[in-house]
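Colleague: Let me give you the structure first, and then I'll get to my questions.
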Amino acid sequence: MSISCPVCGSENIKKSEKKTTITIEFGRDITIDEVICTCLDCNFDGDFAKENDKIIEHALTEAKRDMSKFILEELSNNGISNTHFERTMGLPFRTLARWKKGNISASGYALLKIIKTYPWILSVADEKFNSTYAAKALIGAAINIEHPQIVKSETTTTNGILGPEVINKWGFELPIVEEEKMEDTSYSHGILSFQGGQP
Ligand SMILES: [Zn+2]
């Protein structure tokens, strides 16, 4: 299919590529080769062939695959093992190995992004989503950002998360929360449950 200039109708078009950087989730960048068409008769330029949307979509799909691997490696570097993650979230054994290879569904990818943003949710899940523990873990995560020296001075932190006992010791105020009655203690009733098919 020939390409023509949308301004003057000329088919005297030169195609060139321009490297463009797109910032995606978690501040990561991807570089794409954007196609630029230039009309040699009137000098108008742009994406006459409408190719760039496809190029961007393809790059984002590739980036998503790469992102799963990046997130899982980061979690593992922070002491969160695959088996811990799978057990806590009630995922079938070897799910994360599949995800790491890019074999991941939209819901799996969404879960990964949640865990990457709030890794202490795993410790909350370990505590059967006890609401008091959840509130303390949230404060612990905030202290980690605001007062990293406190976290550094404590040897009882796990994955950079301050345990409730540390928060009590340092006297941080807790919001008042109702204690939840946890009747079902099986971890398959985690933050997300998947029904039918693979997560
Ligand atoms: Zn033209």
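Coordinate-derived values only; no laboratory data. Just so we're clear, the structure is a prediction, and the values are computed from it rather than from any experiment. So basically every Cβ, Gly included, is an ideal-geometry build from the backbone, and we count neighbours across all protein chains shown.
Colleague: Being β-branched (Val, Ile, Thr) and within 16 Å of the ligand (Cβ to nearest atom) is the filter here, so list the residues in the range 38-96 that pass it.
Modeller: Within the range 38-96, Thr38 is the sole residue that qualifies.
Colleague: Just need a number here: residues in the range 59-115 that are in contact with a Ser or Thr (Cβ under 7 Å, 6 or more places away or on another chain) and of a type in the set (Ser, Thr, Tyr).
Modeller: 1
Colleague: What number of residues within the range 19-59 are part of a strand (DSSP E or B) and under 30 Å from Tyr109 (Cα atoms)?
Modeller: Selection size over the range 19-59: 12.
Colleague: Of everything in the range 127-147, what is in a helix (DSSP H, G or I), surrounded by fewer than 17 Cβ atoms within 10 Å (Cβ to Cβ) and not aliphatic (A, V, I, L, M)? Give them in sequence order.
Modeller: Across the range 127-147, the qualifying residues are Ser131, Thr132, Glu146.
Colleague: Taking into account only those residues within the range 1-20 that are surrounded by 14 or more Cβ atoms within 10 Å (Cβ to Cβ) and farther than 10 Å from Asp41 by Cβ, which is farthest from the ligand (Cβ to nearest atom)?
Modeller: Checking each candidate, the answer is Thr20.
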